[in-house]
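The values are calculated or read from the model by the stated rules, or taken from the named source; none is laboratory data. Fair warning: this is a prediction, and the values are worked out from it, not measured in the lab. All Cβ positions, even for glycine, are placed from backbone atoms using ideal geometry, and neighbour counts span all protein chains on display. Note: accessible area is taken over every heavy atom of the protein model, side chains too, but ligands, DNA and RNA are not part of it. Shrake-Rupley method; radii C 1.70, N 1.55, O 1.52, S 1.80 Å.
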Amino acid sequence: MFLLRWIRLLFCREFALENVLFLWDRLFLHAPPDFPAVPYLCTSILLGMRERVKHCESISMLLSTMQEGPRTLDIDKVWELTMWLWQVIYIEI
């Protein structure tokens, strides 16, 4: 449910404007043409949020955490993880 919102809006509601522009710059200008970036980016965001998600004790806490989204994540680290995942999973397969 949340990934769909992230994908539809290309992360506009999840990050500050400067971070959205950073991501869009990477997605549209600097990513290799055969790079399916969005699924890897979503995975990176979820991995970055995993500690907060693990500490959720109820569905309502989980929903609240997911609605808050990844605003506190370091966008540079998210992108580095995205590229690493792509290299490890996509290129080596």
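Between L46 and D25, take the C-beta separation as r, use R0 = 30 Å, and let me know the FRET efficiency to the nearest 0.05.
On the way: r = 22 Å, r/R0 = 0.73.
Here the calculated transfer efficiency is 0.85.
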**OP:** Starting from the Cα-Cα distance between S58 and L9, subtract it from 0.36 nm times their residue separation and give me the gain in nm to one decimal.
**Re:** 14.9 nm
**OP:** Specify which labelled value, from (i) 5.5; (ii) 6.2; (iii) 9.0, agrees with mean projected area of the Cα convex hull in nm² derived from the coordinates of the model shown.
**Re:** (ii)
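Rolling a 1.4 Å sphere over the protein heavy atoms, what is the accessible area per residue of the chain, to the nearest Å²?
Details: 6100 Å² over 93 residues.
Per-residue accessible area for the chain comes out at 66 Å².
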Original post:
For the chain, what is the charge dipole size about the Cα centre, in debye to the nearest 20, if Lys and Arg each add +1 at the Cβ and Asp and Glu each add -1 at the Cβ?
Top reply: 300
Original post:
To one decimal place, what Kirkwood hydrodynamic radius in Å is obtained for the range 28-75 from all pairs of distinct Cα atoms?
Top reply: 12.2
